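A.B. asks: Structure provided below as structure tokens; questions to follow.
The values are calculated or read from the model by the stated rules, or taken from the named source; none is laboratory data. All values reported here derive from a predicted model rather than from experimental measurement. Please note: Cβ atoms are built from the backbone with ideal geometry, for glycine as well, and neighbour counts cover all protein chains shown.
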Amino acid sequence: MKKKALFIDRDGTLIVEPKVDQQVDSLDKLEFLPGVFRYLGNIAAELDYELVMVTNQDGLGTPSFPEDTFWPAQRKLLRCFENEGIQFYDIHIDNTFAHQNAPTRKPGTGLLPAYIYGPWDLENSFVIGDRETDVQLADNLGCKSIFLNAQPLAKATYHAATWRDIYSYLKNLPRNAATIRTTKETDIQATIFLDGEGVDEIETGLPFFDHMLQQLCTHGGIDLTIKAKGDLEVDEHHLIEDVAIVLGQTIKAALGKKKGIQRYGFFLPMDDCQARVLLDLGGRYDFKWKANFRREKIGDMPTEMFAHFFNSFANAAACNLHITAKGNNEHHKVEAIFKAFARALRMAIAQTTTTSIPSSKGTL
């Protein structure tokens, strides 16, 4: 799973930058921005980002040296954040005193190759800083930007006057993810917003399959876009299976570390049919299916593929999924399953008032 980062400037963003010489090179000059401990602490505890410090100023010392050679102010800064439960995943300081246009100085990305080429979701990451070079760094990385400054900057993704603004903005962002899967058999693109309004844009080439996937949006409260092409001239198998895989992967990615989710879900009757879906987004795969169909196809979808779709989803999403259904009308039966699954998913992904991961292990 790709990780999201907050690339955070130091001087002027975490600590106050002295107006006289712009250098925090002693303990008596070390002053933290109002609200930074409270609201950066909330971000670290509640949201799904790794914190990365990136600065051009070297006045506080450099982490490339052993701990005992840090400047006192740098050691103090890190200790203060650690005491408030704020851990930086990484720290990058340009200590070369290089030319202003050197690639290691912001807005250059020379300090951050591991994030460009590593397993990072840069599209949903942010650079937070108080200078235009921080916003330019975001553009160069392919991230979004938060400009922490009294004066707005038009090209920034978001303008914040305080750390409270930053926390509120990040807290209220919808959980989303996108996946592309291309094989010799299929080409599928999917985008999901878990905290959506039920908006769908689904094209698979199988109208009944589209209709069932739309139930996930209407009854699951998610916004979902799926554009899928496959070798339907062979049969429907590859397309349906790969859509299930992509859907599972995308939901898993959107949930991130699963902080504060309900985790479990279940449901529902429909006319003459009963469908029960038990769902656990616990990170382990198990699938059980008990639903028989008397027809070979419903619409343009083979009935044998319903079980295969949900099995493939459960495997890709790393969840427990148990489905049972009975009834007389075959269309109602499968629609009840999809609606019940949508409702179960809606319950399981719902966010609680807590920010903890719903597991005694502390991870899912």
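A.B. asks: Can you tell me which residues in region 261-314 are exposed (fewer than 15 other Cβ atoms within 10 Å of the Cβ), touching a Phe, Trp or Tyr at 6+ places or on another chain (Cβ under 9 Å) and without any contact (Cβ under 8 Å) to a residue 24 or more places away in the chain?
C.D. replies: The answer is 297, 304.
A.B. asks: So, in region 132-176, how many residues would count as being closer than 20 Å to residue 55 by Cβ, polar (S, T, N, Q) and in contact with a helix residue (DSSP H, G or I) (Cβ under 7 Å, 6 or more places away or on another chain)?
C.D. replies: Residues meeting the conditions: 1.
A.B. asks: Looking at region 123-134, is at least one residue without any contact (Cβ under 8 Å) to a residue 60 or more places away in the chain, within 30 Å of residue 91 (Cβ to Cβ) and either touching a strand residue (DSSP E or B) at 6+ places or on another chain (Cβ under 8 Å) or not β-branched (Val, Ile, Thr) (or both)?
C.D. replies: yes
A.B. asks: Return a yes/no flag: does region 198-212 have any residue that is in a loop (DSSP other than H, G, I, E, B), among the aliphatic types (A, V, I, L, M), buried (at least 16 other Cβ atoms within 10 Å of the Cβ) and modelled with pLDDT of 95 or more. Even if it seems obvious, please write down each step before you answer.
C.D. replies: To start, the set of residues in region 198-212 that are in a loop (DSSP other than H, G, I, E, B) comprises 198-199, 204-206.
If we keep only those that are among the aliphatic types (A, V, I, L, M) as well, we get 199, 206.
With buried (at least 16 other Cβ atoms within 10 Å of the Cβ) added as a condition, the list becomes 206.
The next check asks that each one be modelled with pLDDT of 95 or more; those that pass are 206.
For region 198-212, residues in a loop (DSSP other than H, G, I, E, B), among the aliphatic types (A, V, I, L, M), buried (at least 16 other Cβ atoms within 10 Å of the Cβ) and modelled with pLDDT of 95 or more: present.
A.B. asks: Those residues that are at pLDDT 95 or above, out of contact with any Ser or Thr (no Cβ under 6 Å at 6 or more places or on another chain) and within 30 Å of residue 242 (Cα to Cα), I need them from region 138-179; list them, please.
C.D. replies: 142, the sole residue that qualifies.
A.B. asks: Quick one: which of 251, 245, 226 is hydrophobic (A, V, I, L, M, F, W, C) and under 18 Å from residue 344 (Cα atoms)? Spell out the reasoning first.
C.D. replies: Values: 245 fails: under 18 Å from residue 344 (Cα atoms); 226 fails: under 18 Å from residue 344 (Cα atoms).
Sole residue among the options that is hydrophobic (A, V, I, L, M, F, W, C) and under 18 Å from residue 344 (Cα atoms): 251.
A.B. asks: Continuing with this model, one more query. Within region 96-104, identify whether any single residue is touching a Lys or Arg at 6+ places or on another chain (Cβ under 7 Å) and either more than 18 Å from residue 4 (Cβ to Cβ) or at pLDDT 90 or above (or both), and answer yes or no. So that I can check it myself, show each step before the final result.
C.D. replies: Of all residues in region 96-104, those touching a Lys or Arg at 6+ places or on another chain (Cβ under 7 Å) come to 98.
The next check asks that each one be either more than 18 Å from residue 4 (Cβ to Cβ) or at pLDDT 90 or above (or both); those that pass are 98.
Among the residues of region 96-104, at least one is touching a Lys or Arg at 6+ places or on another chain (Cβ under 7 Å) and either more than 18 Å from residue 4 (Cβ to Cβ) or at pLDDT 90 or above (or both), which makes the answer yes.
A.B. asks: If a residue must be buried (at least 23 other Cβ atoms within 10 Å of the Cβ) and over 16 Å from residue 306 (Cβ atoms), how many such residues does region 316-344 contain?
C.D. replies: 2
A.B. asks: Only residues in region 5-21 that are under 15 Å from residue 162 (Cα atoms) count as the first member; pair them with residues that are of a type in the set (Lys, Arg), Cβ under 8 angstrom, at least 6 apart or cross-chain, and list the lot.
C.D. replies: Final answer for the pair search is 9/106; 9/131; 12/131.
A.B. asks: Okay, next question. Look at region 133-152 and say how many of its residues are surrounded by fewer than 16 Cβ atoms within 10 Å (Cβ to Cβ) and more than 20 Å from residue 2 (Cβ to Cβ).
C.D. replies: Adding up the residues that qualify gives 3.
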